[in-house]
Amino acid sequence: MGNSRLTIVNVRLPLADERLYYTLRAEGGRWTEVAAQDGYLERSEPYAPFDAEGAVRAECLDAEGKVALPGFADVHMHLDKAFSLPKVGNVSGTLGEAIANYAASAGTFSKEEILSRIMKTALQAVSYGTSAIRTHLDFHAAAGRRVALQSVEAALEAKERLAPYLELQIFPMFSYRSSTASDVELFEEALRMGVTGVGGAPHIADEPERNIDLIFSLAEKFDRPIDLHTDETDDPEMKTVLYIADKTTASGYGGRVTVDHLCSLASMPPAEAASVIARMAEAKLSAVTLPAANLYLQGRGDSAAVRRGVTRVKELAAAGIPIATASDNVHDPFHPFGRGDMLQIALITAYGAHMGAPSDLRLLLRMATEIPASIMGLRGYGIAAGNAADLVLLDAVTPDELFTKLPDRRWIYRAGRWLKFAPPEAGWEVPELGEQWTAYRRYGL
Ligand SMILES: [Zn+2]
C-alpha cells in the first residue's frame, strides 16, 4: 500500500450520475479526489489504456467510459455450506429436505473442510468484485459442542486471513431447536469468541416466539445486531416478522435487525402485505431478498400458477425499508447453482421481482452495494474522497450493458493495488499483503 498512487479518467459512476465521466484519484489506499469531468477526455500522456490482455499496467489509467462501482456487499451467504452438494444431496429440491439432510451430515465435516469452503467461496466472490460478506453459519448445538463451535473457529480464522481483501461478518444461526440453558450457554461462547451478531430461523422453530425472545436476549446481552431467516415459506399465514417487529421496537433495536427471505409476504393479498410492510417500516427493520434460492426452493407445492417465492421487493423499497439482494447458498443442498457474483444476483433479482426500467436497474445496483453496506454498518464505504479506495471496474459502459453482458472482465482495486487472479490450480492460499495473491475464479470439485 504505502505511497501507491492511482488516477483513473473517463470512468462512469452509475451510483452518482451515470451521464457524466469522472476522474478518480487514490493514494495510500484512499480516494483523495472524485471529480466529474467536463465531458470525455481524449487520451493524452500519461494516461494509458488497458493493455492487449486487458491488464492494467499504469498508475494513470484511461477507463474509456467503463462503469465503476464500490466493491459489492453480499449481506447473506452460507460460506460454511458452499460446494457441499456432492456430499449432501436434495432429491425433492425442497427447503425441508435441504435442512434435514444438512443437519444429519453436520457431524461428518471437519473444521479444515469448513475452512476450505469458506476461503474458496469468499475468494471466488472477491474475484467477481465483492469486498464485504455477511455469512450465516450453521450452529448445530444438538450435535454437540465440537460440531457447533468448529464452524465458528473456521469462520474466525478465515476472517483474519481474508482481511486484506474482504470484510467478513459472521452470524451463527441460533438453532431453532435450541431452548435448553446449555444450548444458550454454548451460543454465548460463540459470541464471546467474537462473532459479529446473532442469526437464526425462528419461523421453523417449534415455538417461534420463544425462539425470537431467546435470540433478542442473547443479542442484547452482548450488544450485537440480529439477522434472521424470516418466513421463508409460501404460506401467507406465516407472519413471524410481526413478532420480530414488535420485539425490535420494545427492545429499542430499530436499525439493528435484518429480516431475510420474507417469502410469505409474496403470497399474501396486497392489502394484508401492505399492513405487514407498514409495521416493518415502523420498527425500522432492514430486509434482504434472496431470489436465486427462493426461485429454486419455493412454489414446490403448487401444481398450477406456481409461485415464485421472491418477496415484494418494490413495495418494500417504496415503503422506505432498506432492502438488499444477496447470494444465499452456493452449490449446496439448498441451492445447486450460484458463484458468489452479485451482478448475476442483481440480474436474477430483476427477473424475480419484475425490475427492468432504468430506475429499477439503478436500484438493483444500490441493492448490491450501498444498501447492504449500510445494513452491515460498513464505515467509509463508497467512491468518495476520504473513503477506502475499494473499486470494481467492469467491462461495460452503461447499467443496461452491465445487465445484458454480465461482463466477466472486471478489474478490482483494493487496499492500494489491483488484485491479480491466478488460475484455480494455484489454490486458495492467501499470501501476505504485498505479494501477488491468488484466487479461484472457478471451483474444482
Ligand atoms: Zn440463508
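The values are calculated or read from the model by the stated rules, or taken from the named source; none is laboratory data. Because the structure is predicted, anything quoted here is derived from the model rather than measured. Here the Cβ is made from the backbone with ideal geometry for all residues, glycine too, and neighbour counts use every protein chain on show.
When you check residue 92 against the structure, is it within 30 Å of residue 120 (Cα to Cα) and surrounded by fewer than 17 Cβ atoms within 10 Å (Cβ to Cβ), yes or no?
On the way: within 30 Å of residue 120 (Cα to Cα): yes; surrounded by fewer than 17 Cβ atoms within 10 Å (Cβ to Cβ): yes.
In short, yes.
If you check 155, 142, which single one turns out to be assigned by TED's automatic domain parsing to the domain that holds residue 123, in contact with a Ser or Thr (Cβ under 7 Å, 6 or more places away or on another chain) and buried (at least 23 other Cβ atoms within 10 Å of the Cβ)?
155
Does region 302-312 contain any residue that is outside any loop (DSSP other than H, G, I, E, B) and modelled with pLDDT of 95 or more?
Scanning region 302-312 turns up no residue that is outside any loop (DSSP other than H, G, I, E, B) and modelled with pLDDT of 95 or more.
Enumerate the strands (runs of 3 or more DSSP E) found wholly within region 30-107, keeping only those where 3 or more residues are within 23 Å of residue 155 (Cα to Cα).
72-77
How about region 241-282: which of its residues are within 16 Å of the ligand (Cβ to nearest atom) and surrounded by fewer than 23 Cβ atoms within 10 Å (Cβ to Cβ)?
The answer is none; no residue qualifies.
Filter region 321-336 down to residues that are away from the ligand (no atom under 12 Å from the Cβ) and aliphatic (A, V, I, L, M), then give me how many there are.
3
I want to confirm something. Restricting to region 359-398 and keeping residues that are charged (D, E, K, R) and not in a loop (DSSP other than H, G, I, E, B), which single residue is surrounded by the most Cβ atoms within 10 Å (Cβ to Cβ)?
Result: 366.
Would you pick out the residues in region 207-224 that are among the basic types (Lys, Arg), under 15 Å from residue 190 (Cα atoms) and loosely packed, with under 14 Cβ neighbours inside 10 Å?
Answer for region 207-224, where residues must be among the basic types (Lys, Arg), under 15 Å from residue 190 (Cα atoms) and loosely packed, with under 14 Cβ neighbours inside 10 Å: just 221.
Listed here are the residues, each with its yes/no results for (1) at pLDDT 95 or above; (2) out of contact with any Leu (no Cβ under 9 Å at 6 or more places or on another chain).
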{"site": "359", "(1), (2)": "yes, yes"}
{"site": "376", "(1), (2)": "yes, yes"}
{"site": "385", "(1), (2)": "yes, yes"}
{"site": "403", "(1), (2)": "yes, no"}
{"site": "415", "(1), (2)": "no, no"}
{"site": "418", "(1), (2)": "no, no"}
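State which residue is nearest to residue 306 (Cα to Cα) when the search covers only region 213-240 and only residues that are within 16 Å of the ligand (Cβ to nearest atom) and charged (D, E, K, R).
232
One residue is enough: does region 299-308 have a residue meeting the conditions within 16 Å of the ligand (Cβ to nearest atom) and in contact with a Leu (Cβ under 9 Å, 6 or more places away or on another chain)? Give the derivation first.
From region 299-308, those within 16 Å of the ligand (Cβ to nearest atom) are none; that's our starting set.
No, region 299-308 contains no residue that is within 16 Å of the ligand (Cβ to nearest atom) and in contact with a Leu (Cβ under 9 Å, 6 or more places away or on another chain).
Please find, within region 182-206, the residue that is nearest to residue 240 (Cα to Cα) out of those that are touching a Phe, Trp or Tyr at 6+ places or on another chain (Cβ under 7 Å) and surrounded by fewer than 20 Cβ atoms within 10 Å (Cβ to Cβ).
Here the answer is 204.
Considering only residues that are buried (at least 19 other Cβ atoms within 10 Å of the Cβ) and on the phi > 0 side of the Ramachandran plot, which ones fall in region 306-343?
309, 328, 331, 338, 340
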